[in-house]
Each structure stands twice: as structure tokens, then as C-alpha cells.
Amino acid sequence: MISVIARQKLSKLRNSKMLLIFLIVAAFISLLVFLPIIIMAGVQGAKISGAVALETYFGYISFIGHVAALLIGATCWRQDLRDGTILTFAARPLSRFSLFFGKVIGCVAALALYFVVALLLFGIFDLFIFSYVPPASFLLYVVQQFLSLIVTFAIVLFFSNFFNPVLAVVLSVVLFFVGGIGGLLAQLTSGVWQAIGVGIQAITVERSISYSPSAMLGADVESLRPIWNAIGYFLVWIIALVSSSALLFDRRELLTKRS
Amino acid sequence: MSVAAIRFDSLRKVYERRRSAREALKGISFEVPAGEIFGFLGPNGAGKTTAMHIVMDFIYSTSGSCEIFGISSTDPSARARVGFLPEIFSFDGFMRGEHFLRTFGKLASRTKEQIEAAIPELLEFLDMPEAQRQRIKSYSKGMTQKIGLAQALIGDPDLLILDEPTSGMDPIAKAKIKNLLKKLRGEGKTIFLSTHILSDIEDIADRVAIINKGEVLAVDSLGKLLHVEHKAYRVQFDSSDNQLVAELQSASAFKRIAEGKYEITCDTRTAKDQLLERLLKSDADITLVRPAGASLQHRFLQLLQHEELSDD
């Protein structure tokens, strides 16, 4: 049952062309990014340029991915409630949890699809331009980036229980910026400000990526530990936010204009 | 004794707003017997959709309970035998008819073989075989409502809950839906349908409940609900016989409806019989003989205390 709902949600998102637009934007930006790096390759060598391209490309992909996650999360079930299609699903012998998780899995699958296609796009560029093979630990970086998107999705999903999609997105962005300020404060030398910064980071689900791909070049097991910690941190937040949203959805009345 | 298809027991619903509360249902209690077409009538805003949405567990009751075939409506398994059509059915336009029905067939726990056999059969039954390959966004309003009905039927439910099923349909589509509902009743299915268009159910419902402002005003079989002490009868006829018209004009309740069309209200059965006998002897064409005040519309308006609006 959950898989049927998830597949339907994924088709809905695919047919909304939203993912396609994000991918076109990603491809366009990456082309712009690669041009100066291609020129740089002649000066510094393909390997370094490849690493820089990878880092830069994923920076943009991640940014666009966060925008996609915000939009998809804010409308995950809200849009279906608005257009009334959720009632047709809810009329089936399904629990609210099945309905909710079906929608969430469909949305996560859409984000995964975006990420995988973005990865493939980079793979093609890399193969033809830089001939750069990233280290195996790069996969950890990819997982961390993807989980970071899911955290954004989970935050806006949580807010969408209380607010309309626009407000949920705005609040999520505000949270993101406050988290960024927390990150800046945490870097200060003053103990008090540092503590405040760390506190702000904790409550705003701070999502900075632990290591950049270039830092991972030749990384040993010890230096990868913070990535594992970040992955764990992201997973804890995802589970907490998605399960609280599920509980709220379970108690929610599916009120339409006609109710 | 068979279990009722739906049972409402002192069902109450209050919509709480920040600064106000609105009581949409004021403790309604009635049963929908299995195997019948049950009309749920009421003006707009009477509480019909609220009651239906509680049955479907879309919204929660403030107090009281509701059961589907003896199972609490809050239990998802209660909906295993139910097909539901919302008032204004809409679905993702990118889906083709068959894809859409396949999705909902799976959600109704039907096997792949059952679904593949049911899709063309249902679309044929609903007189829209061409809809199978078309995208929902290209459907007309009537077709959209019918594909909604098809998704309600794909699980072969014992109970159909239809919220204003003929909403926005043209008279031909309405007539087809009525025939379809009769056919489904013939197959032993229970149909619980809400409407504010009385003519939609007058000739098909076995039983009706009339609701207004959250209160059920009457629940009975259509026959009993319309059974009143018929002291008066309305007789309508067409005639070009001036002598006959002049003779009957002396009757107290003589009314000229249009050119050559007349109506007389007889106070007693004997007066009605005498009038009919007189009309049969003349060249008059009798077009209507009906107990005055025996239409569903009259009874509905009477219960809603708007009797003055009735034509009867």
C-alpha cells in the first residue's frame, strides 16, 4: 500500500516538471562553473582541477537541491489536501501513517532521483573533461549531502503541519540563516559567544557539511570520523522530525473547503 | 437481523475556531440499512458532507460514534468494503484512466488479474470505454465524475458513499447515473448518497434522511415519508372544450395554468372521482392526478418550514 502511494507521489512530482527544471538549472550552472576550471586545468593540471570542479559543482547542486527539498517538503501532503486528491487515498482502507509515509517516501525518492541524475551529469563532464577519479570516501560525502537535503525536507515538512506552504518555507529559510549565524558565533574565541553559537546550531539543526571533497583526497579513517558523526546527527534529526510530523498528521482532520 | 451498513449514534461535530465554534452536527442518530439506496437530503451547509467525512474518518467527531457494517469508522479496516466519491472529484490530470484505476485497484487490495478484468468492464458499464487511454485532464466534467465513480467501484465495495454524485452533470449524464445506481442496488450494494437536488433521488431512493442545521428532521422510507392524510387531490388536464371549462370554473380551486391547461384541487376523494368521471366523458386529456402535498419537495420544504415555497 505504501509503495503504491509513494509511486503515485513520485509520478506526480515527475509530471509537475519541477525536478526537470531543477536539473536543467543544475546542468546550466555546472556548465558555467566548469568553463573557468577547464581553463585552470591547463595551468594546474587535471587532477586538482577535477577536485575543484567536483567541490564547486556539488556546492551548486546542493544549493539547488535544498530549494527543491523546501518546495517538495512544503507541498508533500499540503498540495494533495488543497487539490482534494488526498481524500481519494484516505477513503481506502489505509492507516494515516501509511498515507503519510507513502507521500514522504515518494518525495524522498524524487529528491534521490534529482541527486542521482545530478551525479551522473557530473560523471559525464568529469569523464570527458577532467578524467578525475574521486576517492572512495567521496561516497560518504555524497551520502552526507543527500541527508542534508532530507533534513531540509524534514524541517519544512514539520513546519507544514502548522503553517501554509509559503510560511513553512520562509520559516525554514529563517532557521537556516539563524543556524548560519550560530555557526559564525561558534567560531569565535570568546567562550560565552562560542557556547551560544553551539547552542543555536543545535536547535536550528545546523547542516554544514563536515568535509569538502578536496579535503578528503587521501583522507585516513580517523579524519573521516566527523563525517560519520554528521551522518548520524542528520539521521537522528530526520527520524525525529518525520516521526513527529507523522504523529501530527495522524491527528489531523483532512479538512477541505467542503467540510 | 442484518447489520446496518452505516450507523450514526448521537454523532456530534463542533468546528472549533480561534474565537468561535460552530456545531455542524447536533447528535444525529440513524441507520442506513444494507442493500438500499439511502438519500441524505438537506440544503447547503446542513451537515451532510460533515457526516460523510466522519464516516470516512477524514474528520473526527466531537462525541458520539459511527459504524460501518458494525466496525467503528475510525478503524481503517472498516473502509475495506466502502467505495467513496467526493462531491467535486478531482485527480492528477497527468494520469490516464487505466493507470488511475490500476492505482486504486491496488489500494483496494485487488489482484492484478481482477484489476485488469475490472477496468474495461467498469468503463464500459459507465459508458466511457474511450477514457481508458485518455489523460484525466482531457475529460469533461461528467467524465471526471464518472471516473471518480469507477475508482469507487473498482474494489467491488458493498457500500457506496456518494457525496452529491451528479454535481455539475447534464441531465443525460444524471439519468445515466440514476440507472447505474439502480443497477448497483440490484446487485445487492448499499448506496448512501447525499444531495440537495431532490429530483436526483425522488424516484430511486428506498429511504431518506432529511437534515437541516445539523439536526435530522426525518428518517423513513420514501413511501412512509410521503404518506400524508390526503384530504386533497390535484387534477390537471388539457381541454379546448369551452363549455367544460365554464362548467368547472365554478369549482373553488380552479386554476388556469396556461392556454388550454387547467388544474383543479378537489377537497375529497369523492369530489376527485366525480371530476375524473366528468373529464373522461369529455374530450379532456388528464395529465396529472396526485395527492396534494405528496411530493418529496413539498415534504422537504414542510420539514424545513418553508412550505410556502412549495408548488404543491
ask   = How high is the FRET efficiency from A:Ala195 to B:Ala175, r the C-beta distance, R0 51 Å, rounded to 0.05?
value = 0.10
message = 7 Å from Cα along Cα→Cβ at both A:Val178 and A:Ile239: what's the point-to-point distance in nm?
response = 2.5 nm
key: Estimated FRET transfer efficiency when R0 is 35 angstrom, pair B:Ile88-B:Val289 (beta carbons, to 0.05)   = 0.30
query = Cα-Cα over 28 Å: which of B:Lys26/B:Lys183; B:Lys13/B:Lys141; B:Lys13/B:Lys183; B:Lys112/B:Lys137; B:Lys13/B:Lys112?
reply = B:Lys26/B:Lys183; B:Lys13/B:Lys141; B:Lys13/B:Lys183; B:Lys13/B:Lys112
message = Given Cβ point charges of +1 (Lys, Arg) and -1 (Asp, Glu) and nothing else, what value in debye, to the nearest 20, does the dipole of the protein assembly as shown about its Cα centre take?
response = 1140 debye
query = List the lysines whose alpha-carbon lies under 16 Å from that of A:Lys9, not counting same-chain residues fewer than 8 positions away?
reply = A:Lys17, A:Lys103, B:Lys106
About the Cα centre, charge dipole magnitude for chain B (Lys/Arg +1, Asp/Glu -1 at Cβ), debye = 1020 debye
0 to 90° range, to nearest 10: angle between helix B:171-186 axis and chain B longest Cα axis = 70 degrees
query = Which of the helices in chain A, when you take each full DSSP H run, stretch at least 30 Å along the axis at their Cα atoms and have an average Kyte-Doolittle score of 0.5 or higher?
reply = A:18-44, A:46-74, A:96-125, A:138-159, A:165-186, A:221-251
request  = In nm, give the distance between the simple-model label positions of B:Tyr60 and B:Arg269, each being 7 Å from the Cα along the Cα-to-Cβ direction.
outcome  = 5.6 nm
query = Got the relative contact order for region B:53-183 handy, in percent, Cα pairs under 8 Å and 6 or more residues apart?
reply = 31 percent
task = Normalising by the residue count of chain A, find the relative contact order in percent from Cα pairs under 8 Å and 6+ residues apart.
result = 26 percent
Helix B:141-153 vs. chain B, principal-axis angle (Cα, 0 to 90°, nearest 10) = 60 degrees
query = Using a cut-off of 18 Å between alpha-carbon atoms, which aspartates and glutamates can reach B:Lys281, once sequence neighbours fewer than 8 places away in the same chain are excluded?
reply = B:Asp238, B:Asp241, B:Glu247, B:Glu263, B:Asp273
note = Distance in nm between A:Asn229 and B:Asp220 label points, each 7 Å along Cα→Cβ, equals 7.9 nm
query = To the nearest 20 debye, what is the magnitude of the charge dipole of region A:37-175 about its Cα centre, counting +1 on the Cβ of each Lys and Arg and -1 on the Cβ of each Asp and Glu?
reply = 360 debye
task = Could you tell me which of B:Gly35, B:Ala46, B:His99 has its Cα farthest along the dipole of chain B towards the positive end, charges placed at Cβ (Lys, Arg +1; Asp, Glu -1), taken about the Cα centre?
result = B:His99
ask   = Among rounded, prolate and oblate, which fits region B:50-159 when a ≥ b ≥ c are the square roots of the eigenvalues of its C-alpha gyration tensor, a/c under 1.5 means rounded, and a/b larger than b/c means prolate?
value = prolate
ask   = To the nearest 10 degrees, how steeply does helix B:269-281 sit against the main Cα axis of chain B, on a 0 to 90 scale?
value = 70 degrees
request  = Apply 1/(1 + (r/R0)^6) to the Cβ-Cβ distance of B:Lys141 and A:Leu188, taking R0 = 60 Å, and write down the FRET efficiency to the nearest 0.05.
outcome  = 0.40
ask   = Can you give the mean number of other chain Cβ atoms that lie within 10 Å of the Cβ atoms in peptide B:206-215?
value = 0
inquiry  = Below 8 Å between Cα atoms, with a sequence gap of 6+, how large is the relative contact order for chain B in percent?
reply    = 19 percent
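Where a number appears in this text, it was derived from the coordinates with a stated rule and is not lab data. If you're wondering where the values come from, they're calculated on a predicted model, not measured in any experiment. Cβ atoms come from the backbone with ideal geometry, glycine included; neighbour counts cover every protein chain shown.
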